[in-house]
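**Student:** Sharing a structure here in structure tokens format.
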Amino acid sequence: GNLYLIFSLLGLIIPFVIILILDLFNDKIKSRKDIVKGTKAPIFGEISYVKNKEALIINNSDRSVIAEQIRAIRTNLSFLSPNKTLQNILFTSSISKEGKSFISLNLGASLAMMDKKTVILEFDMRNPKLHGPLKIENIIGLSNYLIGKAELKDIIRPIPTHPNYFIITCGPM
């Protein structure tokens, strides 16, 4: 009888201890709580992860969860500097596939929908990802401008599906 009790308790305690130890050594960010606990950085919003979505989803009729999350970030950014007429936002990361292109394209579209002239710059000269989903050619762009072979008026192009939204592609590599 006592042997069954001891093994039953061990059967409950051992998995609990293993899970506790694994959680202590877990250094991955799983939720907003992990970011708040580990940093003092302000959080403007959260974007849900959805696989196989189009690159540019924001438009006037889209009421999806992700579209609303991007609109919330846009609103929170407007409270950050309410009196500024010109604002620069940089999305960066040391790892690919973290959503920089997706967020920048859609936040830019969201800002353009508010009648704010918005220009998105494609700075990734080695692996450009912004112009492709927009179906805009990358014949001339930032690289041409930086070496003095193009004027600003030559490289800034409208994004056809969104008024007030423009792109400067990276240009030839």
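**Student:** By its C-alpha gyration tensor, with a ≥ b ≥ c as the square roots of the eigenvalues, how is the range 88-146 shaped: rounded for a/c under 1.5, else prolate for a/b larger than b/c, else oblate? List each step's numbers first, then the result.
**Tutor:** Working: a/c = 1.63, a/b = 1.16, b/c = 1.41.
Oblate shape, in that a/c is at least 1.5 and b/c is the bigger or equal ratio.
**Student:** Among 39, 172, 80, flag the residue with its Cα farthest along the positive direction of the charge dipole of the chain, charges on Cβ as +1 for Lys/Arg and -1 for Asp/Glu.
**Tutor:** 80
**Student:** Determine the dipole magnitude for the chain: charges of +1 sit on the beta-carbon of Lys and Arg, -1 on that of Asp and Glu, nothing else is charged, the reference point is the Cα centre, and the result goes in debye to the nearest 20. List each step's numbers first, then the result.
**Tutor:** Values: 22 positive and 14 negative charges, 38 e Å.
That gives the chain a dipole magnitude of about 180 debye.
**Student:** Equivalent ellipsoid semi-axes for the range 53-103, as square roots of 5 times the alpha carbon gyration tensor eigenvalues: give them largest first, rounded to whole Å. Walk me through the intermediate numbers first.
**Tutor:** Working: eigenvalues 85, 66, 15 Å².
They are 21, 18, 9 Å, listed from largest to smallest.
**Student:** Grab the other residues whose beta carbon is less than 15 angstrom from that of residue 37, score K and R as +1, D and E as -1, and report the net.
**Tutor:** Details: positive: 28, 30, 32, 33, 40; negative: 23, 27, 34.
The answer is +2.
**Student:** Another one. Rounded to the nearest 500 deg cm²/dmol, what is the calculated helix-only ellipticity per residue at 222 nm for the chain, with -39500 (n - 2.57) per DSSP H run of length n ≥ 4?
**Tutor:** About -12500 deg cm²/dmol.
**Student:** Calculate how large, on average over all directions, the projected area of the Cα convex hull of the chain is; give the answer in nm² to one decimal. If you can, show how the numbers build up before the last one.
**Tutor:** On the way: hull surface 61.0 nm².
Reported value for the Cα convex hull: 15.2 nm².
**Student:** Moving to a separate point now. Considering the Cα trace of the range 1-54, what is its radius of gyration and what is Dmax, both in angstroms?
**Tutor:** Calculated on Cα positions, Rg and Dmax stand at 19.5, 62 Å.
**Student:** Output the 0 to 90 degree angle, nearest 10, between the alpha-carbon long axis of helix 2-24 and the longest principal axis computed from the alpha carbons of the chain.
**Tutor:** The helix 2-24 is inclined about 20 degrees to the chain.
**Student:** For helix 65-80, report the angle its Cα long axis makes with the longest principal axis of the Cα atoms of the chain; keep it between 0 and 90° and round to the nearest 10°.
**Tutor:** The angle comes out near 70 degrees.
**Student:** Hey, another quick one. Which entries of 30/116; 37/97; 37/117; 37/129; 37/135 show an alpha-carbon separation above 30 angstrom in the structure shown? It would help to have the intermediate numbers written out before the result.
**Tutor:** Working: 30/116 34 Å; 37/97 25 Å; 37/117 37 Å; 37/129 33 Å; 37/135 41 Å.
Where the Cα-Cα span goes over 30 Å, the pairs concerned are 30/116; 37/117; 37/129; 37/135.
**Student:** Next question. Cα axis of helix 100-113 to longest principal axis of the chain: angle in degrees, 0 to 90, nearest 10?
**Tutor:** Its long axis makes an angle of about 60 degrees.
**Student:** Could I ask something else about it? Enumerate by residue number the trypsin sites (Lys or Arg not before Pro) in the range 7-45 meeting two conditions: DSSP loop (anything except H, G, I, E, B), and at most 10 other Cβ atoms within 10 Å of the site's Cβ.
**Tutor:** Of the trypsin sites (Lys or Arg not before Pro), the ones in loops of the range 7-45 whose Cβ has at most 10 other Cβ atoms within 10 Å are 28, 30, 40.
Rule-based calculations on the coordinates, nothing more; no lab input. None of the values given here were measured: they were computed from a predicted structure. Every residue, glycine as well, gets a Cβ built from its backbone with ideal geometry; the counts of neighbours run over all protein chains shown.
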